[in-house]
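Down below is the structure, laid out as structure tokens.
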């Protein structure tokens, strides 16, 4: 989930003037649109869309919605695994001592097809684009 928020001191939310509320709302909506555009560029099947800004108890928030399975394609099906994979260290065959006993053999990688889903890194670049759009919108006068 990608979210953009403009937080305000809870004691001063009621003192925000209408112009400040409008600027905050426009800023978070532009951040959500920018993040959705980048996310759709990296993973078109995600159907990402900007959710409209809404008031919260401590400011304004907007977000990006899309395919709930996008997190799988974000990091790939191997997740955050950073160590060496066991595939290279596994033996081709090993003895099994159950009952009469036999020798088990591992299928070659070409036959199993377990290569996983490649990571597309969707959320990081989308988050950075949204943050950049949020800061640019807040700087505009």
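The values are calculated or read from the model by the stated rules, or taken from the named source; none is laboratory data. Quick caveat: nothing in here was measured; it's all calculated off a predicted structure. Here the Cβ is made from the backbone with ideal geometry for all residues, glycine too, and neighbour counts use every protein chain on show.
Scanning the range 102-130 for residues that are at pLDDT below 90, touching a strand residue (DSSP E or B) at 6+ places or on another chain (Cβ under 9 Å) and surrounded by fewer than 11 Cβ atoms within 10 Å (Cβ to Cβ) gives 104, 105.
Yes/no per residue for (1) closer than 12 Å to residue 123 by Cα; (2) outside any loop (DSSP other than H, G, I, E, B); (3) in contact (Cβ under 8 Å) with a residue 60 or more places away in the chain:
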site	(1), (2), (3)
29	no, yes, no
39	yes, yes, yes
51	no, yes, no
61	no, yes, no
67	no, no, no
